1. Could you list, in sequence order, all residues of the stretch B:483-506 that are in contact with a strand residue (DSSP E or B) (Cβ under 8 Å, 6 or more places away or on another chain) and more than 12 Å from residue B:426 (Cα to Cα)?
2. Quick check on residue A:209: is it surrounded by 15 or more Cβ atoms within 10 Å (Cβ to Cβ) and either touching a helix residue (DSSP H, G or I) at 6+ places or on another chain (Cβ under 8 Å) or assigned by TED's automatic domain parsing to the domain that holds residue A:6 (or both)?
3. For the subset of the stretch B:570-585 comprising residues that are part of a helix (DSSP H, G or I) and free of Cβ contacts under 8 Å to residues at least 60 places away in the same chain, which member is farthest from the chain's Cα centre (by Cα)?
4. Kindly evaluate residue A:157 against the criterion of being over 18 Å from the mean Cα position of the chain (by Cα), at pLDDT 90 or above and under 21 Å from residue A:219 (Cβ atoms).
5. Output the number of the condition that residue A:95 fails; it satisfies all remaining conditions of (1) more than 26 Å from residue B:15 (Cα to Cα); (2) within 14 Å of chain B (Cβ to nearest Cβ).
6. Just a yes or no: is a residue in the stretch B:549-564 surrounded by 15 or more Cβ atoms within 10 Å (Cβ to Cβ), under 30 Å from residue B:86 (Cα atoms) and without any contact (Cβ under 8 Å) to a residue 12 or more places away in the chain?
7. Filter the stretch B:288-310 down to the residues that are under 19 Å from residue B:239 (Cα atoms) and in contact with a helix residue (DSSP H, G or I) (Cβ under 8 Å, 6 or more places away or on another chain), then identify the one that is surrounded by the most Cβ atoms within 10 Å (Cβ to Cβ).
8. Output the residues belonging to the stretch B:431-455 that are surrounded by 19 or more Cβ atoms within 10 Å (Cβ to Cβ) and either over 30 Å from the mean Cα position of the chain (by Cα) or not assigned by TED's automatic domain parsing to the domain that holds residue B:481 (or both).
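The values are calculated or read from the model by the stated rules, or taken from the named source; none is laboratory data. These numbers were taken from a predicted model, which means no experiment stands behind them. Note: ideal-geometry Cβ built from the backbone for every residue, glycine included; neighbour counts use all protein chains shown.
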């Protein structure tokens, strides 16, 4: 059976990269004595799939991965068992047994939302909030995106589903589909570029809020969508 | 959530920030209010190396089992962070609390290899602790060294307040209790060290004086006070099945060199190879009880979640309950999809059968360590491995489907001749030929791959070869070229790959290994000139080292290529590892006579280790 796990990654643990987080969970599943399924062959490994890699330095309260299990006592029991072997900064928020027809975590991801704050070193103009709204309200935001194959021109606006200012932070809901993924830092870099403001190194603190898929009605819902 | 010593900007700049944030699974957090002694345990190399070391995990676990002590870890910051810390005046800190090392009561440094000596100075320097022990005040941590290199601590004795000679499990409780007592009474650092010198195994270098003869060798060494021991006997765990062992070792986030559960099955080695320092230092052999090992194996796997377990010892095949232990591990690990890794097994029918069960034959390679190319030289070094045994093992392995063989040799062994060196090529060739004889053409899956590697022999203290002259760099390289040429002349040369080590660092390691107190100034100078991470070839700066010797007026050849007389007083003679100097000398003479000495299980040789009244010395012999 397929089970989806939602977790958070906050504090110093944000400096652990995606591959090491995967290794961390492989070991955690052993410590928690979860009845996970393994691939066959000479070097069997756990059947596990992560939704959307989080960049080093970003925090999140909406990370997901799927595992294939032979058996489970209950969703609650699995959540408790995993939480009893976590390190500070990583918490299991939810565990859900999936429908057989549910697609795997990685392929399901359509969007992520983020909350971004600025480092003290960013020279914010006094009217930055107005300017950010104006930036967002443009009909089209043409940008050049560097890809592995070279440079590609695209309309950034299409990938920004929502943008708001919440206190002194910026909230963004962005396209996170494979191939069309937009990084929150890239959006804000484009904005500051348009203001001709030079950014210092590491200008943003970024926290992912949740990861979304599209349901039957094509609406964005979290990867674990509780009624 | 605790705050980190390093800012976000710094952590985002440096390679692998996970090296510096702590918080790993099983890392021990305590409340500063509840403890009396803070101990920082350091491995003076990068995190991934230090975290792979079993000894630190044992001591860490033991010290944290004491209610009044909090032991934390610290490693050498990598060169990128080192530069930032110096520029921004950031003090070196411990991983768990992120507090400066300078605030600790003890800084314990494990010294596993000579090429880390400058990293010891890096750690002290970044911590803001005066490099020389004599310049430290009551505010500074007590700097204590341990590990194999402390069996000749003299080249680095100026940098340490105290050395712990021998196995760490036995005397830390006494040492820490003494410290607490002194602290309570408000006694000085000097008063504490003076008292500590009376605890068995403790060596306080500042309390001893050495004088030299005109030829540079030692005339005499004596304690400054009459009540001080003139000989310091190593500490040793009598019952290795009733002692500290970490049931829940720290699990790093990033991949480290030894990323698995390590089960130390025994301490010591019965073999007595004459080049091997560990084989003498850890005598007598003491086996851990097989039930103790089974119990710990299961606990450690459950507490870490590691996907691999490895057996550790100097010669695993000599562990008497090996079949029982391996059967148990295979059964339990298969259930849990856990890999078993078995280093240091003698290749024979039993080990091949086991390896067949635990590894993918197609992917794994066989390892033989003949160490010398000819039988004559193997007798000189007392490596009880014959060509017949090697070829038998290889034949069995080829029949079992193995096609890759690794061979380890040393160049520059005492009494080595050109014929011995050619023997390396000839043995490699014989093994390759054996493959083509053994495996019929239609069953061959490509060529056989033989990888022959040589390292340069470095004489070490407390071995029969401590009297031997070491080769010069030019001699080393000449021997390596000769090996390469001989291999290229073999019929099966296309199946043989040859690797050899750099010679510069081997020469330097040899200088430190048998060095004396006069080397402290050279090491300090080299560090000041920018030497550190000498164990990493890309950072090793040979020119700066030789410059430092010259400026100090010290001839490096004195420590390496010189002939030593039988009655020379060595800088490490005041330490007693259990094996007597007269035994080592007898072995040195037997080496010259090419006479093999039977191992401890076959016949006691009276080496002296029996006085510890444990281990193989008290086993019944067949």
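1. B:495, B:497, B:498, B:499, B:500, B:501, B:503, B:506
2. No: the conditions fail for residue A:209.
3. Checking each candidate, the answer is B:582.
4. Yes, satisfied.
5. The single condition residue A:95 does not satisfy is (2).
6. No.
7. Across the stretch B:288-310, the extreme among qualifying residues is B:293.
8. Result: B:431, B:432, B:434, B:435, B:448.
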